[in-house]
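Please treat every number below as a calculation from the coordinates, not as lab data. Source: prediction; values computed, not measured. Ideal geometry is used to build each Cβ from the backbone, glycine not excepted, and the neighbour counts take in all protein chains shown.
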Amino acid sequence: MTTFVDIFCGAGGLSLGLVKAGWTPLLALDHWGDAVATYNRNFGDHPCLNRDVSTVTAEELKHLVKRCDWVVGGPPCQGFSTVGRRKREDPRNRLVFEFARVVDILQPTNFLIENVIGLRDMNFVEEVESFFQRRGYQVSTMVIRSADYGVPQLRQRIFFVGSRQGVQFTAPSPSHAPAEYVSVLDAIGDLPPLEPGSWMSSYTSAAMTPYQKKLRRGARELQGHQASRHPAHLVKAISYIPDGGNRRHIPSHLQPRSGFHNSYSRLHSRSPAVAVTQNMGKPSATRCVHPQQNRGLTAREGARLQGFPDTFHFTGGMTSQRLQIANAVSPILAEAMGRHLARQATQTLLAAE
């Protein structure tokens, strides 16, 4: 049995994937009420605390967790992000070292940190690696593209995997070649069509692809499938954009006055999404217009593109739900990582005997 503690757990994407890989969660923690409520709603068999990790004492942690094999988590990453103005001195970056404090207290055999690719661009890799090496961990760093593991999204993430047993962890072999990537339509094509401002809580068609069948399994209702309202002139403007097209297809008299080059762009139905962001419901955000309908994405469509099953329900308002989904680790990617890392750890133990 592989046990773990999830710090900065968010809504629980990483935990869900690791559980599906056969790992056993002992404790989760985040300082975000809606995300903690979502986590507890979908798990409920172990404690998830709504706490600022810096306020949790060593005595509390040791009381809650006697021992664990892994400490995992995705420390808040806004300061590392490639979007906007990055600052190495951003105080949110220091939360990586709060994660390290938990590792120091619990002394797990291994740890796993997930973060945005911008961390690599800011030369934090060497800092993080040396920080844990001084604590006796062999650190392996890997950059992984979600689509290579069956997630309908091209998002890349960086992982740091540490071992006190000297294991040189590697990334799992991709399960999907580019020609086999799960597309946007493969992921959300079965969900009921919506007009801006409308919602549906039941399915109106059968699942059509293996991915849809997998994510619908066991679901009795459709949660979070609610479209944002858009003004009539915006709906008309984006109606000119073809599948996979962008704002250049909008007539000049309807061109929005603001936005970036990749704003007001449709997802390509036959390709994976680029990346799911918290603004998935806004056509003015980065490539998040539905490939065939004149609106932004719903929270459930975003969850599908992240790999959350339809049985996983999110709490809070729509804005909060979208943020929880965008910030999460894809459960599908987490499952692939969990199976591979557990296998490597076991093989090392067997070889040492």
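Compactness ratio for the chain: Cα radius of gyration over 2.2 N^0.38 Å (N = residue count) comes to 1.01. Rounded to the nearest 500, the helix-only mean residue ellipticity at 222 nm of the chain stands at -9000 deg cm²/dmol, with each DSSP H run of n ≥ 4 adding -39,500 (n - 2.57). Normalised by the number of residues in the chain, the mean separation of alpha-carbon contacts (under 8 Å, six or more apart) gives a relative contact order of 18 percent. Short to long, the 5 Å bins of the Cα pair-distance histogram for the range 243-302 hold 4, 21, 32, 26, 11, 5, 1 percent of all pairs. Below 13 angstrom from the Cβ of Gln212, what's the summed charge of the other residues (Lys, Arg +1; Asp, Glu -1)? Here the count lands on +2. If the cut-off is 18 Å between C-alpha atoms, which aspartates and glutamates fall inside it for Lys282, apart from same-chain ones fewer than 8 positions away? Straight-distance partners of Lys282: Glu195, Asp243, Glu301. With R₀ fixed at 30 Å, the C-beta to C-beta distance from Ala219 to Asp52 puts the FRET efficiency at about 0.30.
Here the 3J(HN,Hα) profile of the range 323-339, calculated from phi with Karplus coefficients 6.51, -1.76 and 1.60 at θ = phi - 60°, is 5, 4, 5, 5, 7, 6, 7, 4, x, 5, 5, 4, 5, 4, 5, x, 5 Hz, Gly and Pro shown as x. In order along the range 111-118, the phi-based Karplus estimate (6.51 cos²θ - 1.76 cosθ + 1.60, θ = phi - 60°) of 3J(HN,Hα) comes to 9, 9, 10, 10, 7, 6, 5, x Hz; Gly and Pro are listed as x. Based on alpha-carbon atoms, the Kirkwood radius and the radius of gyration of the range 177-332 give Rg/Rh equal to 0.95.
Convex hull volume of the Cα atoms of the range 264-353, normalised per residue: 119 Å³.
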